[in-house]
1. For the range 33-39, just list the computed ³J(HN,Hα) in residue order, Karplus coefficients 6.51, -1.76 and 1.60, θ = phi - 60°, integers in Hz, with x standing in for Gly and Pro.
2. Taking the Cβ-Cβ separation of Q47 and S171 as r and a Förster radius of 41 Å, what is the calculated FRET efficiency to the nearest 0.05?
3. Looking at the square roots a ≥ b ≥ c of the eigenvalues of the Cα gyration tensor of the range 81-141, which shape do they give, rounded for a/c under 1.5, prolate if a/b is larger than b/c, or oblate?
4. To the nearest 10 degrees, how steeply does helix 113-128 sit against the main Cα axis of the chain, on a 0 to 90 scale?
5. Send over the semi-axes of the range 68-189's equivalent ellipsoid, whole angstrom and largest first, taken as the square roots of 5 times the C-alpha gyration tensor eigenvalues.
6. Taking θ = phi - 60°, what integer Hz values does the Karplus form 6.51 cos²θ - 1.76 cosθ + 1.60 yield along the range 65-74, in sequence order, with x for Gly and Pro?
7. What is the gain in length, in nm to one decimal, between S212 and R40 on full extension, counting 0.36 nm per residue of separation less the C-alpha to C-alpha distance?
8. Using a 1.4 Å probe, how large is the accessible area of T218, given in Å² and rounded to the nearest 10?
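The values are calculated or read from the model by the stated rules, or taken from the named source; none is laboratory data. None of the values given here were measured: they were computed from a predicted structure. For neighbour counting, all protein chains shown are included, and Cβ atoms are generated from backbone atoms with ideal geometry for every residue, glycine included. Each accessible area value is taken on the protein alone, full model and side chains, heavy atoms only, with ligands, DNA and RNA left out. Shrake-Rupley method; radii C 1.70, N 1.55, O 1.52, S 1.80 Å.
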Amino acid sequence: MDLGLDGRTAVVTGASRGIGLAITRGLAAHGAHVIAGARRSSAELDQLAKDGQVRVLEVDLADHEGPARLVALADQGLDILVNNVGGAPARTGGFLSITDEDWQATLTLNLMAAVRTTRSALPAMLAAGKGSIVTICSVNAALPDPAVLDYSAAKAALAGFCKALSKEVGSRGVRVNTISPGPVATDLWLGDQGVAQTVSHATGANAEDVASRAAQDTVTGRFSRPEEVADLVLLLASDRTANVTGSDFRIDGGLIPTW
């Protein structure tokens with residue numbers, strides 16, 4: 001399917017690995033020019049940059065000025081914004097172990113980074129009368145989990161922000177949608193400092209068993225792949241979904257039942 005993304009300009013946050021890297025790779029493969037932001041680049045992202053479709057900026061998106069620096073590289077020609085950056089620290093000590101500093105860090109990375117990047121990107125989209133903003137949310141926005149309590153709260157706020165913004169800017173040609181993955185096979189879950197390892201260290205359970213139990217909570221019995229999330233992003237970024245806005249799309253293997 002031709003998504004019509006050739007020649008369009010996209011900004012992707014948290015682009016060095018996992019879902020963000022898969023999104024960046026997918027957009028570039030469809031001919032988009034991608035401005036990829038990450039606190040630190042990666043070998044895979046650097047390779048994409050060598051191919052000419054991707055420009056990388058190492059930037060701390062939790063910093064107040066970071067998002068504006070990233071969006072500025074689009075030179076006012078921005079068509080697509082993908083708010084992907086985020087993190088889900090496992091809170092094995094419960095609510096009382098989460099400090100004000102923890103709350104601030106989680107809200108900054110999972111909510112305010114998207115708010116600030118969107119604030120920087122939106123004027124050019126409104127001036128052009130078109131644009132697509134796709135934000136990676138989480139099933140935890142609707143399925144709060146005490147193991148990621150502050151992350152759940154931040155993602156619920158993020159979902160509310162995106163829904164409200166879609167109502168404000170939809171009549172001016174800018175679409176705003178969210179994607180809410182369940183567990184995805186990335187470092188956030190499976191890395192050395194990911195959720196499975198953190199729970200393992202706190203409980204003594206084997207990390208592979210922790211991940212296996214999470215997978216078994218889904219109907220499909222497995223984690224989603226980053227590329228599966230990326231494919232949904234590409235569709236929402238394209239004009240194939242030109243009348244879709246204010247929507248949330250779950251990709252969770254049936255973790256949250258619907259009927």
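1. 8, 10, 9, 9, x, 7, 4
2. The formula returns an efficiency of 0.50 here.
3. prolate
4. That works out to roughly 20 degrees.
5. Values for the range 68-189, descending: 29, 14, 12 Å.
6. Once θ is set to phi - 60°, the couplings for the range 65-74 become 8, x, x, 5, 4, 5, 5, 4, 5, 7 Hz.
7. Length gained between S212 and R40: 59.0 nm.
8. About 10 Å², ignoring ligands and nucleic acids.
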